[in-house]
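First the structure, in the form of structure tokens, and then the observations on it.
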Amino acid sequence: MDDRSALHSRKPWLPLVVTLALMAGLGGWVVWQWQVQEARIGAEQAQRFNLAVNDVESNLRERMRAYEMVLRGLAGLFVGSDTVALDDWHRASDQLQLQDFYPGIQAIALARYARADNLASMLAQMREDGRSNFRMYPAGERDEYLITDFIHPIDWRNRRVLGFDMLSEETRREAIMGARNIGTPMLSGPVRLKQETEQNAQVGILLYLPLYRVGAPVTTLEERQAAFAGTLHGAFRLTDLLEGVLGSRNKLFQLQL
């Protein structure tokens, strides 16, 4: 038997080993290529998601600035006077066309500040303009009050807010006192809005703009506290607000608040 036949008889498995090695190497290369591709796609998706998040954050900041300007515009009603007639409030708020130009806002409202010693006279004033049934809630004796007097738009949800003392609830109180003390708008933490019912309830937030007595000094903390007259605020149902901001990107985030 020559050397060639001897070689074939001694190693008949060699082609199989080579084939298996090639298959294993090819399989490893395919897996590696798949992992590289998956990582690339994952990185691209992460980048797109981060860009979308940044875009939404920017849009949300712009939207909140627009709402702040709405409140500042209404504050012009108080130039030269500490009181506003109900008819003047309706005319000014109707001109805003909130539902058309400011989607996502549930309501804008005016609340008046009172201490225990002038609460009765303030409530009597609020009952003028044909609102003889106006009542403050929750009832009870407290050192200070911030009573929701006017609201827009007037619908079945927003009517539930009239008369509510916002200083009676801690999260609202914290934002109100913060706005009063520093003299700038303040956003509340999450709250349950008085507009909510047991069905389709959403988390709410409130944006407070402090109001001060006309002509009173407001340079120092003590002056701002002494001159505090009330707030204008915007109320937002968060899911409605963010859906308005997200638009077509809503499916990407699948929000439920």
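Read-outs throughout are calculated quantities, based only on the coordinates presented, and are distinct from any laboratory measurement. Being a predicted model, the structure only gives us computed values, none of them experimental. Every residue, glycine among them, receives a Cβ derived from its backbone with ideal geometry; neighbour counts consider all protein chains shown.
Key figures for this structure:
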{"item": "Residues whose placed amide H lies under 5 Å from that of Ala229, excluding near-sequence neighbours", "result": "Leu211, Tyr212, Arg213"}
{"item": "Contour minus Cα-Cα distance for Asp82 and Glu141 (0.36 nm per residue)", "result": "18.8 nm"}
{"item": "DSSP beta bridge pairing in region 130-238, given as percent antiparallel to the nearest 5", "result": "95"}
{"item": "Pair Arg127, Arg192: separation of 7 Å Cα→Cβ label points (nm)", "result": "3.0"}
{"item": "Relative contact order of region 55-246, pairs being alpha-carbon contacts under 8 Å that are 6 or more residues apart, as %", "result": "26"}
